[in-house]
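Asker: Quick one: this structure, given as structure tokens, is what I'll be asking you about.
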Amino acid sequence: MDEPGEAARDHYLHMAEKMSRNSTPHSSSCGQACAFPDAGVGDFWDEGGMDDLGLDWPGDEELTEEDEDAVRKQVAVMGERGVRLLAIDNDLTLVSVHTGGSWIGTAEELAEQARPIFKIIIDEASEHDMFVSIVTFSSQPQLIEEMLQYMGLKCDAKKIIVRGGLNKVRCGLTGDELLAAPAVRDRYQGTGKQEHVACAVQYFEEEYDCTIEPNQVLMIDDDIKNLEEAKKCGIQTAFFEPTEPMQMIESMDACPNAQTAQRALSDTE
């Protein structure tokens with residue numbers, strides 16, 4: 001299996017730079033909790049509804065009861081379609097900020113940026129006996145693993161694993177470098193986050209004495225490049241639009257149409 005490659009690494013770092021330069025909210029009262037302390041506030045962001053850190057991010061609003069019901073129903077549909085493992089991105093997806101792998105606040109402060117929609121998805125997935133993993137290029141997998149404990153999940157957060165790292169995959173619990181076994185890597189070949197997913201699959205297969213095939217994995221990510229790479233080996237995918245979280249529910253098992261995909265790519269260039 002190939003390493004993530006220059007394109008994937010460059011995209012992650014580019015998005016981190018873009019968020020810090022153009023659109024990362026900042027409040028002088030948030031101190032070390034800001035991922036990018038020197039960033040200015042872009043016109044894109046609202047001024048009201050500040051959270052506990054003095055930050056306001058699009059797409060992290062509380063869901064309506066109707067939206068919550070729609071999310072729960074979609075998770076049930078995922079189970080009916082045979083999904084056994086969720087592979088969820090972190091930056092701009094699970095959390096509404098892009099940390100760039102450089103978050104200097106605490107895990108508890110980062111948890112305040114966790115999106116309400118994923119709290120429901122993770123809890124419901126656990127209720128339907130699905131495994132959950134966070135797959136991220138962030139070089140802070142241990143911080144993310146700790147963050148899960150503060151998200152207010154109803155399920156056992158310790159059963160969620162994090163596989164992170166930009167050049168090499170690392171364990172969120174120990175920080176150790178990981179490499180999936182050849183037999184697992186053969187099923188999850190490719191660049192992007194394929195090695196991250198393979199390492200997550202290997203953990204659950206060994207821990208629960210089961211087999212997880214690519215078509216039983218659902219990757220949720222805001223980077224269309226990662227999703228397209230995942231689709232090549234049969235992984236189900238769902239594009240996450242950071243400013244419109246509920247759009248993901250409409251097509252949970254497929255990448256967006258060509259027009260939406262092209263727009264997503266254009267926004268990162």
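Asker: S133 fails exactly one of the following numbered conditions: (1) assigned to a strand (DSSP E or B); (2) surrounded by fewer than 18 Cβ atoms within 10 Å (Cβ to Cβ). What is the number of that condition?
Answerer: (2)
Asker: Report the residue count in the range 220-252 for those that are closer than 30 Å to R185 by Cβ, β-branched (V, I, T) and either part of a loop (DSSP other than H, G, I, E, B) or at pLDDT 95 or above (or both).
Answerer: Residues meeting the conditions: 2.
Asker: All but one of (1) hydrophobic (A, V, I, L, M, F, W, C); (2) touching a residue at least 60 places away in the same chain (Cβ under 8 Å); (3) touching a Leu at 6+ places or on another chain (Cβ under 8 Å); (4) in a helix (DSSP H, G or I) hold for I212, so report the exception by its number.
Answerer: Of everything listed in (1) hydrophobic (A, V, I, L, M, F, W, C); (2) touching a residue at least 60 places away in the same chain (Cβ under 8 Å); (3) touching a Leu at 6+ places or on another chain (Cβ under 8 Å); (4) in a helix (DSSP H, G or I), I212 misses just condition (4).
Asker: Go through the residues of the range 225-242 one by one and say whether even a single one is of a type in the set (G, A, S), in contact (Cβ under 8 Å) with a residue 24 or more places away in the chain, buried (at least 19 other Cβ atoms within 10 Å of the Cβ) and closer than 15 Å to V132 by Cβ.
Answerer: no
Asker: State yes or no: is I122 hydrophobic (A, V, I, L, M, F, W, C), touching a residue at least 60 places away in the same chain (Cβ under 8 Å) and under 24 Å from A238 (Cα atoms)?
Answerer: no
Asker: Which residue, of V169, V217, V197, is in contact with a His (Cβ under 9 Å, 6 or more places away or on another chain) and among the β-branched types (V, I, T)?
Answerer: Result of the check over V169, V217, V197: V169.
Asker: How many of the residues making up the range 160-180 are surrounded by fewer than 13 Cβ atoms within 10 Å (Cβ to Cβ) and either closer than 23 Å to P214 by Cβ or small (G, A, S) (or both)?
Answerer: So the count comes out to 0.
Asker: A further question follows. Right, I161: in contact (Cβ under 8 Å) with a residue 40 or more places away in the chain, under 25 Å from V97 (Cβ atoms) and out of contact with any strand residue (DSSP E or B) (no Cβ under 6 Å at 6 or more places or on another chain) or not?
Answerer: Judged against the criteria, I161 is not a match.
The values are calculated or read from the model by the stated rules, or taken from the named source; none is laboratory data. Being a predicted model, the structure only gives us computed values, none of them experimental. With ideal geometry, Cβ positions are generated from the backbone for all residues, glycine too; neighbour counts draw on all protein chains shown.
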